[in-house]
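*Asks:* Got a structure for you, questions after.
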Amino acid sequence: MKHVVKILSLVAAVSAFWITLLQAAIVPQSFTWLLPIYFVVSLGCYGLLMVGIGIMQFPTCPQEAVLLNHDIAEAKDFLSTNGIDIGTY
Amino acid sequence: MAEEKERKGEKKYKYSVIVPTYNERLNIALIVYLIFKHLRDVDFEIIVVDDGSPDGTQEIVKQLQDLYGEDRILLRARAKKLGLGTAYIHGLKHATGDFVVIMDADLSHHPKYLPSFIKKQLETNASIVTGTRYVKGGGVHGWNLMRKLTSRGANVLAQTLLWPGVFDLTGSFRLYKKSVLEDVISSCVSKGYVFQMEMIVRATRKGYHIEEVPITFVDRVFGTSKLGGSEIVEYLKGLVYLLLTT
C-alpha cells in the first residue's frame, strides 16, 4: 500500500471520529468544532519542540577534525614516499 | 587462514566500495590509503567513478593502481559530470563484491567506520547498513547553527511525513547487499540529496532490513553555504514527491 494511502486513511478515520463526536454531542459542539485547530497547533508545537530538542542535543565532534588532520598527515607521508604525486594542496 | 574459515563455516565476503569523484585529486589518494589501512583483512575492491575531472584525478588513480594493484582499484570513468545516481549505477555494473559500500570522496565519510558497517551487517544480516550522524556516538563537525537548524527541521518534517524508519535520511555513507542496491536504485529517479532519501525510503517500503551505525561527519567545505532558498524548495518538492509515490 502506498504511504500516502496510509496517511489518507488515517485522516479519514480521524475525520469520521470527529464528525461522530459532533453529531453525538457528548462534548459541547463549540469545543468539538475547534478540535481540528487544536490538533494542528499541537502538531506544530510538537514539531518545533522536536527541532529545538534536536538542536540542543545535536551531537558535535570537534575532536574528529583533529583526528582527521592526523590521518591526512599520515596518508600524505605514506603516499609521497611511495611515489604518488601529492603535489601542493 | 581461508581454509580454517571455511571449515568453521564462515563465508568470506567481498566488498565493493564505490567512490564517485569530481576534482578530488588529493582526496582520492588519501581516501584510498585510509580504506586500505582500515580494511586490512577484508577482501575488497575500490571502484572510482570519475566524471572527467579536469584536475588530473584519473592520473592519480592510475598511480594508485600501480601501488595497490589494478584488481584492488578499478577506474571506471565517465566523460563528464553526469550525476550521483548514475555514478552509482555505473559503478554497480563493474562491482564484483557481495556487498557494495557507497561513500563520498571528500573525506567527510571516514573509512575508519567501514569495519563497523561490515560488523553490523554480519551480526544482523541486514540488507542495508546506513551511517547516521544524529545519534550518540555519531556527530557532525563544521556546521553552524543555521545549518543545524535546517538539518533538524528537514529531518523532523521528513520523519513526520514519511515514517522512514531511520534517523538519518540524507546520509550517503551506506553499505548495501549488492542485489538490494540493484533493486532499490532501479526504482529511484530523484537527484541530489533527495535521491539519498528516496533510496532509503523505497528500501523501507520494500521491507528491507535496515540497520544504522553511528558515524561522524566532518564537513570540509568551509565557508560555502549549500543551503539557499532554492535548495529548500527542492527539498520540499522532493518530500511531496516521496510522500505521493512511495
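The values are calculated or read from the model by the stated rules, or taken from the named source; none is laboratory data. No experiment lies behind these values; they were computed from the predicted model shown. Cβ: placed from backbone, ideal geometry, glycine included. Neighbour counts: every protein chain shown. The area values use the complete protein model at the heavy-atom level, side chains included, leaving out ligands, DNA and RNA. Shrake-Rupley method; radii C 1.70, N 1.55, O 1.52, S 1.80 Å.
*Asks:* Taking B:THR132 as the residue in question, decide whether it is within 14 Å of another protein chain (Cβ to nearest Cβ) and in contact (Cβ under 8 Å) with a residue 60 or more places away in the chain. Break it down stepwise before answering.
*Replies:* Working: within 14 Å of another protein chain (Cβ to nearest Cβ): yes; in contact (Cβ under 8 Å) with a residue 60 or more places away in the chain: yes.
So B:THR132 fits the description; yes.
*Asks:* Return the pairs, sorted by first residue and then second, in which the second residue is open to solvent by 70 Å² or more (accessible area, probe 1.4 Å), the first residue lies in region B:71-94 and is more than 22 Å from B:ASP55 (Cβ to Cβ), the beta carbons are less than 6 Å apart, and the residues are 6+ apart or on different chains.
*Replies:* Once the first residue is more than 22 Å from B:ASP55 (Cβ to Cβ) and sits in region B:71-94, its partners that are open to solvent by 70 Å² or more (accessible area, probe 1.4 Å) give B:HIS94/B:ARG76.
*Asks:* Can you tell me which of B:LEU175, B:LEU169, B:LEU157, B:LEU162 is within 16 Å of B:MET103 (Cβ to Cβ) and among the hydrophobic types (A, V, I, L, M, F, W, C)?
*Replies:* Details: B:LEU169 fails: within 16 Å of B:MET103 (Cβ to Cβ); B:LEU157 fails: within 16 Å of B:MET103 (Cβ to Cβ); B:LEU162 fails: within 16 Å of B:MET103 (Cβ to Cβ).
Of B:LEU175, B:LEU169, B:LEU157, B:LEU162, the one residue that is within 16 Å of B:MET103 (Cβ to Cβ) and among the hydrophobic types (A, V, I, L, M, F, W, C) is B:LEU175.
*Asks:* Out of the residues in region B:204-219 that are at pLDDT 90 or above and part of a loop (DSSP other than H, G, I, E, B), which is surrounded by the fewest Cβ atoms within 10 Å (Cβ to Cβ)?
*Replies:* Of everything passing the filter in region B:204-219, B:GLY207 is surrounded by the fewest Cβ atoms within 10 Å (Cβ to Cβ).
*Asks:* Based on what the data block shows, is A:ILE86 outside any helix (DSSP H, G or I) and either of a type in the set (Val, Ile, Thr) or out of contact with any helix residue (DSSP H, G or I) (no Cβ under 7 Å at 6 or more places or on another chain) (or both)? Break it down into steps so the answer makes sense when it comes.
*Replies:* On the way: outside any helix (DSSP H, G or I): yes; either of a type in the set (Val, Ile, Thr) or out of contact with any helix residue (DSSP H, G or I) (no Cβ under 7 Å at 6 or more places or on another chain) (or both): yes.
Criteria met by A:ILE86.
*Asks:* A further question follows. Applying the selection to region B:236-246, what residues are away from chain A (no Cβ under 11 Å) and exposed (fewer than 14 other Cβ atoms within 10 Å of the Cβ)?
*Replies:* Scanning region B:236-246 gives B:LEU236, B:LYS237.
*Asks:* Those residues that are surrounded by fewer than 17 Cβ atoms within 10 Å (Cβ to Cβ) and under 30 Å from B:PRO115 (Cβ atoms), I need them from region B:159-181; list them, please. I'd like the intermediate steps shown before the answer.
*Replies:* Initial filter on region B:159-181 (surrounded by fewer than 17 Cβ atoms within 10 Å (Cβ to Cβ)): B:159-161, B:163, B:165, B:167, B:179.
Of everything in region B:159-181, those that are surrounded by fewer than 17 Cβ atoms within 10 Å (Cβ to Cβ) and under 30 Å from B:PRO115 (Cβ atoms) turn out to be B:GLN159, B:GLY165, B:PHE167, B:SER179.
*Asks:* Answer yes if at least one residue in region B:187-199 is in contact with a strand residue (DSSP E or B) (Cβ under 7 Å, 6 or more places away or on another chain) and under 20 Å from B:ILE18 (Cβ atoms), and no otherwise.
*Replies:* Taking region B:187-199 as the starting set, the residues that turn out to be in contact with a strand residue (DSSP E or B) (Cβ under 7 Å, 6 or more places away or on another chain) are none.
No.
*Asks:* On to the next question. Of the residues B:VAL184, B:VAL156, B:VAL194, B:VAL233, which single one is surrounded by 15 or more Cβ atoms within 10 Å (Cβ to Cβ), hydrophobic (A, V, I, L, M, F, W, C), part of a helix (DSSP H, G or I) and more than 16 Å from the chain's Cα centre (by Cα)?
*Replies:* Numbers: B:VAL184 fails: more than 16 Å from the chain's Cα centre (by Cα); B:VAL194 fails: more than 16 Å from the chain's Cα centre (by Cα); B:VAL233 fails: surrounded by 15 or more Cβ atoms within 10 Å (Cβ to Cβ).
Step by step, each of B:VAL184, B:VAL156, B:VAL194, B:VAL233 is checked, and only B:VAL156 is surrounded by 15 or more Cβ atoms within 10 Å (Cβ to Cβ), hydrophobic (A, V, I, L, M, F, W, C), part of a helix (DSSP H, G or I) and more than 16 Å from the chain's Cα centre (by Cα).
*Asks:* From A:SER15, A:SER9, A:SER30, which residue is open to solvent by 70 Å² or more (accessible area, probe 1.4 Å), away from chain B (no Cβ under 13 Å) and assigned to a helix (DSSP H, G or I)? So that I can check it myself, show each step before the final result.
*Replies:* Details: A:SER15 fails: open to solvent by 70 Å² or more (accessible area, probe 1.4 Å); A:SER9 fails: open to solvent by 70 Å² or more (accessible area, probe 1.4 Å).
Exactly one residue qualifies, and that residue is A:SER30.
*Asks:* Out of everything in region A:43-75 that is charged (D, E, K, R) and at the interface with chain B (Cβ under 7 Å from one of its Cβ atoms), what residue ends up being nearest to B:ASP55 (Cα to Cα)?
*Replies:* A:ASP71
*Asks:* Among the strands (runs of 3 or more DSSP E) confined wholly to region B:35-142, which include 2 or more residues that are open to solvent by 10 Å² or more (accessible area, probe 1.4 Å)?
*Replies:* On the way: elements: B:43-50, B:73-75, B:99-102, B:128-132, B:139-141.
It comes to B:73-75.
*Asks:* I'd like to verify a number: residues in region B:15-34 that are over 22 Å from B:ILE118 (Cα atoms) and either within 14 Å of chain A (Cβ to nearest Cβ) or in a helix (DSSP H, G or I) (or both), how many? Outline the logic, then answer.
*Replies:* Residues of region B:15-34 that are over 22 Å from B:ILE118 (Cα atoms), as a first pass: B:21-27, B:29.
Now drop any that are not either within 14 Å of chain A (Cβ to nearest Cβ) or in a helix (DSSP H, G or I) (or both), which leaves B:23-27, B:29.
Counting residues in region B:15-34 that are over 22 Å from B:ILE118 (Cα atoms) and either within 14 Å of chain A (Cβ to nearest Cβ) or in a helix (DSSP H, G or I) (or both) gives 6.
*Asks:* OK, next. Return the residues of region B:16-58 that are touching a His at 6+ places or on another chain (Cβ under 7 Å) and of a type in the set (S, T, N, Q); say none if nothing qualifies.
*Replies:* Residues satisfying the conditions do not exist here.
*Asks:* Of the conditions (1) facing chain B (nearest Cβ under 9 Å); (2) surrounded by 13 or more Cβ atoms within 10 Å (Cβ to Cβ); (3) of a type outside the set (A, V, I, L, M), A:SER80 fails just one. Which one is it?
*Replies:* Every condition holds for A:SER80 apart from (1).
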